[in-house]
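Here the structure is laid out as structure tokens; the discussion comes afterwards.
Bear in mind that the values in this text are calculations on the coordinates, not laboratory data. Everything quoted here is computed from the prediction, not taken from an experiment. Every residue, glycine among them, receives a Cβ derived from its backbone with ideal geometry; neighbour counts consider all protein chains shown.
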Amino acid sequence: MGKIDFLFCDELVDKLKKVMKQPICMQSSVYYVGVDLGTACVVTVVLDDKREPVAGIYEYADVVRDGMVVDYIGAVEIVRRMKEKLEKELGIEKLLYAAAAIPPGTDSLDGGAVRNVVEAAGYIVTSLEDEPTAANEILHIQNGAIVDIGGGTTGISILKDGKVVYVADEPTGGTHFSLVLAGAYRKSFEEAELFKRNPLNHKEILPVLKPVIEKVSVIISKHIEGYQIDNISLVGGTCCLTGIEEMIEKNTGVPTYKPVDPMFVTPLGIACSCRTEQI
Ligand code: ATP
């Protein structure tokens, strides 16, 4: 098994980051929207009829915990505000269709809430996949594991011949990393968050975060056991941490890779899963 090729994903994420700064206001017959309601971050991505990114926006928010919507009104307000801003930026009257995603295994518990938020914000919901399946819309992994380490949770999905055969989600993520840093450096949670996100601090904080990365690795190992996994692909904002891939590879014994910027893979994948028929 060679190194995973993230070229397609990396190019798409690069385009998204450019249009987040400067949207492309070209005419499109249809727009596909992806809404990622995360524990730490809410992201909306807009693709044109060729499924190229034309606009995008993100905001750190506290409306979801451990994959569950805890502030319904707040979540609706953020998604609606983002929708209006994107419509204005693109010079269009109305973004119609949107896809959303939920952490693996939470569909019976909370899939309805995520869908309701996106609908209440004014979209027609056309897809509701689990997050790793959405991420694979642009990763294109055939065999292996996708591990999405977000703000509140770590989602694991196992792929065989391009199909998801197992999913799991556990409540450990970037928020716990920030809590560890807040304790170690005697900073507030907010200060620790910002300190952690600065790549210049990554070399210094990696040894401090070792125990929590070990915990994530144990979670991964537990779920991939028995599946003959020979590669792990990391996505989610927490995997922006420089060197996390080497630590997870060492701890799990499985070759581990990540795209250039793992933060926007799932939101882009969600947008790619958007269709034009209501589900
Ligand atoms: P979840 O998937 O658990 O619901 P989410 O979708 O909000 O959460 P992401 O947007 O994938 O999660 O990631 C957010 C997390 O990534 C936060 O904990 C944030 O601190 C962390 N993060 C973002 N950028 C960086 C960075 N450069 N370095 C380290 N951590 C980062």
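Which one is farthest from the ligand (Cβ to nearest atom) among residues in the range 51-72 that are β-branched (Val, Ile, Thr) and touching a helix residue (DSSP H, G or I) at 6+ places or on another chain (Cβ under 9 Å)? Walk me through how you get there before you give the answer.
Of the range 51-72, the ones β-branched (Val, Ile, Thr) are 54, 57, 63-64, 69-70.
Checking the rest, the ones that are also touching a helix residue (DSSP H, G or I) at 6+ places or on another chain (Cβ under 9 Å) come to 54, 57, 63-64, 69.
Values: Val54: 21, Ile57: 13, Val63: 10, Val64: 6, Val69: 10 Å.
Restricting to residues being β-branched (Val, Ile, Thr) and touching a helix residue (DSSP H, G or I) at 6+ places or on another chain (Cβ under 9 Å), the top hit is Val54.
Only residues that are away from the ligand (no atom under 12 Å from the Cβ) and either within 22 Å of the chain's Cα centre (by Cα) or among the β-branched types (Val, Ile, Thr) (or both) were counted in the range 194-215, giving 3.
May I ask you to verify whether Leu241 is free of Cβ contacts under 8 Å to residues at least 40 places away in the same chain and within 13 Å of the ligand (Cβ to nearest atom)? In short, no. Looking only at the range 23-45, which residues are more than 16 Å from the ligand (Cβ to nearest atom), touching a residue at least 24 places away in the same chain (Cβ under 8 Å) and either within 28 Å of Thr154 (Cβ to Cβ) or not hydrophobic (A, V, I, L, M, F, W, C) (or both)? Answer for the range 23-45, where residues must be more than 16 Å from the ligand (Cβ to nearest atom), touching a residue at least 24 places away in the same chain (Cβ under 8 Å) and either within 28 Å of Thr154 (Cβ to Cβ) or not hydrophobic (A, V, I, L, M, F, W, C) (or both): Pro23, Ser28, Tyr31, Tyr32, Val33. Number of residues in the range 140-164 that are outside any loop (DSSP other than H, G, I, E, B), touching a residue at least 40 places away in the same chain (Cβ under 8 Å) and among the aliphatic types (A, V, I, L, M) equals 6.
The criterion of being in a helix (DSSP H, G or I), near the ligand (Cβ under 10 Å from one of its atoms) and of a type in the set (Gly, Ala, Ser) does not hold for Ala182.
For beta carbons closer than 8 Å, sequence separation of 6+ or different chains, a first residue in the range 253-279 that is in contact (Cβ under 8 Å) with a residue 12 or more places away in the chain and a second that is among the basic types (Lys, Arg) and not in a loop (DSSP other than H, G, I, E, B), the qualifying pairs are Asp261/Lys17; Phe264/Lys17. Within the range 86-95, the set of residues being buried (at least 16 other Cβ atoms within 10 Å of the Cβ) and of a type outside the set (A, V, I, L, M) comprises Glu87, Glu89.
Which is surrounded by fewer than 14 Cβ atoms within 10 Å (Cβ to Cβ) and touching a residue at least 12 places away in the same chain (Cβ under 8 Å), of Lys3, Lys83? None of the others qualify; the one that does is Lys3.
Among the residues of the range 6-48, how many are closer than 30 Å to Ala192 by Cβ and either buried (at least 16 other Cβ atoms within 10 Å of the Cβ) or of a type in the set (A, V, I, L, M, F, W, C) (or both)? Going through the range 6-48 one residue at a time, the tally reaches 17. If the condition is being touching a Pro at 6+ places or on another chain (Cβ under 9 Å) and more than 11 Å from Ile224 (Cα to Cα), then the range 139-173 contributes Leu139, Asp148, Ile149, Gly150, Gly152, Thr153, Thr154, Gly155, Val164, Asp169.
Condition check: part of a helix (DSSP H, G or I) and either more than 10 Å from the ligand (Cβ to nearest atom) or surrounded by fewer than 20 Cβ atoms within 10 Å (Cβ to Cβ) (or both). Does Glu137 satisfy that?
Values: part of a helix (DSSP H, G or I): yes; either more than 10 Å from the ligand (Cβ to nearest atom) or surrounded by fewer than 20 Cβ atoms within 10 Å (Cβ to Cβ) (or both): yes.
When the stated conditions are applied, Glu137 passes them.
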